[in-house]
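All of the numbers you see were taken from the coordinates with simple rules; none came from a lab. Here the structure is a predicted model, which is why all the values come from computation and not from measurement. Because the Cβ atoms are built from the backbone with ideal geometry, glycine has one as well, and the counts that use them run over all protein chains shown.
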Amino acid sequence: MKNNKIWITTCLAAFSLGFVQKSEPTLKEAFQNSFYVGAALNKAQFSGKDTKAQELVKKQFNTISPENVLKWGPVHPKPEEYNFKPADDYVAFGQQNKMFIVGHTLVWHQQTPDWVFEDEAGKPVSREVLLKRMENHISTVVGRYKGKIQGWDVVNEAIADQGGQMRPTKWLSIIGEDFAQKAFEYAHKADPQAELYYNDYSLYRPDKREGVIRLVKSLQAKGIKVKAIGMQGHYGLTVPTMEQVEASIVAFSKLGVEVNFTELDIDVLPNPSQRQGADIAETFDADQKFNVYSSGLPDSVQQKLTKRYADLFTLFRKHQDKIGRITFWGVTDANSWLNNWPIKGRTSYPLLFDRQYQPKPAYQAILNMAAQKK
Ligand code: XIL
């Protein structure tokens, strides 16, 4: 009892003297007047098996993306077989927490089973057959989550890495250049209220930027409403420059679309080819020579990562009128896909939370930036 009294008196004194500080905002609070802040979730995170990650997500983020469960392969593995349970759980988690729920992705050349493009003899199907399959897939998946999933990455990575032409894929070779237009039309029909996006990586590159502008203009010319262009944002410590990212934000927004950063992470690890971008097919054999920080991130690199994130968020805030959301591709470093790509079995450090679920200096730097007057 006596202890209680002392405690209360101390609290009152501290409060009246102004010692009790207001708790610091979380990411979603710090940017509530700027844009949504979110993360891509895996099954353990949205199902709650990874309790600590789920707590972090609820506290920090107001939008979520599905890391894998809504890609064609996972959700529609066989012609007559859909696997909706994981995606249902993902959507339920977002709804329970009143989050902006993103769908990723409807038409992509990766993580799409071969049967989609082939007949029973293994020969390529006709344009008509593939269009029908695309329409069925989109109307089934988008239709199921109508009014729940608020925005869809309709087409992912349709522009080639160099030169800005359409990427050579089975979608392109079998259907032709209008495959993207068709995908957007089917998605719009399945949920007329949903926001529809074009999503891609390396969009800071002038050739890819121009390629996307051409594609989006051609969609707009057909009367299609592209709500936003998603810049994936799989970046390195030095590439791209802030000027390159800024040029794309400005150029895309001139099309009358929003810009979203949809898969943000910063790779601090070296690789054999100085690769940039995020082509998931571009992998290298496991090699410990490239696993340089397996026992911890040196301070000097931590500082570079911190500065890089602070610079990026300074840029994002500068253009907040053009940006709808910033989504990280993962929650903590422990589960980032960059532990296994482009080289399997490495220790990577690309996100704002470490392997103990603790905020890293980059997190603090972003919040400090947000607290400063513009
Ligand atoms: C990645 C996932 O994070 C991995 O778990 C999976 O094995 C491969 O795909 N661009 C995208 C994402 O649009 O869907 C990719 O996600 C990363 C690159």
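Brief remarks follow.
- Working note: Karplus 6.51/-1.76/1.60 with θ = phi - 60° gives segment 236-250 the couplings x, 6, 10, 10, x, 7, 4, 5, 5, 5, 4, 4, 6, 4, 5 Hz, where Gly and Pro are set to x.
- Only Lys, Arg (+1) and Asp, Glu (-1) charged, at Cβ; segment 127-180 dipole about Cα centre in debye: 340
- Positive-end residue of A39, A371, V268, charge dipole of the chain with Cβ unit charges: A371
- Spatial separation of Cα centroids for segment 288-366 and segment 79-125, in angstrom: 28
- The charge dipole of segment 205-277, taken about the Cα centre with unit charges on the Cβ atoms of Lys, Arg (+1) and Asp, Glu (-1), comes to about 500 debye, rounded to the nearest 20.
- Helix 127-144 axis, angle to the chain major axis (alpha carbon atoms, nearest 10°): 30
- On Cα atoms only, tilt of 206-221 relative to the major axis of the chain in degrees: 70
- Put simply, the amide H of D50, placed in the peptide plane, has neighbours under 5 Å in Q45, leaving out anything fewer than 5 places away on its chain.
- For the pair L237 and K374, label points projected 7 Å from Cα toward Cβ lie 3.2 nm apart.
- Angle in degrees between helix 2-16 and the longest Cα principal axis of the chain, rounded to the nearest 10: 70
- The order of T63, T241, going from fewest to most other C-beta atoms within 10 Å of their C-beta, is T241, T63.
- In order along segment 267-277, the phi-based Karplus estimate (6.51 cos²θ - 1.76 cosθ + 1.60, θ = phi - 60°) of 3J(HN,Hα) comes to 7, 9, 8, x, 8, x, 10, 6, 4, 10, x Hz; Gly and Pro are listed as x.
- Among H319, H76, a tally of other beta-carbon atoms within 10 Å of each Cβ gives an order, fewest to most, of H319, H76.
- Put a plus charge on the Cβ of each Lys and Arg, a minus charge on the Cβ of each Asp and Glu, and nothing anywhere else: the dipole of the chain about its Cα centre is then about 1320 debye.
- Order of S218, S253, S273 - criterion: other Cβ atoms within 10 Å of each residue's Cβ, fewest first: S273, S218, S253
- Taking a ≥ b ≥ c as the square roots of the eigenvalues of the Cα gyration tensor, segment 231-374 is oblate, since a/c reaches 1.5 or more and a/b is not larger than b/c.
- From phi via Karplus (6.51, -1.76, 1.60), per-residue ³J(HN,Hα) for segment 94-99 in Hz, x at Gly/Pro: x, 5, 4, 9, 6, 9
- Around the amide H of V37, modelled in the peptide plane, lie the amide H atoms of N62, T63, I326, all under 5 Å away and 5 or more residues distant in sequence or on another chain.
- Relative contact order for the chain: 16 percent, from Cα pairs under 8 Å spaced at least 6 residues apart, divided by residue count.
- Database remark: amide H of I159 closer than 5 angstrom to the amide H of R167 (H placed geometrically; neighbours at sequence offset of 5 or more, or on other chains; Pro and chain starts carry no H).
- Relative contact order of segment 277-357, taken over Cα pairs closer than 8 Å and 6 or more residues apart, is 39 percent.
- The chain, helix-only ellipticity at 222 nm - DSSP H runs n ≥ 4, -39,500 (n - 2.57), divided by all residues, nearest 500: -11500 deg cm²/dmol
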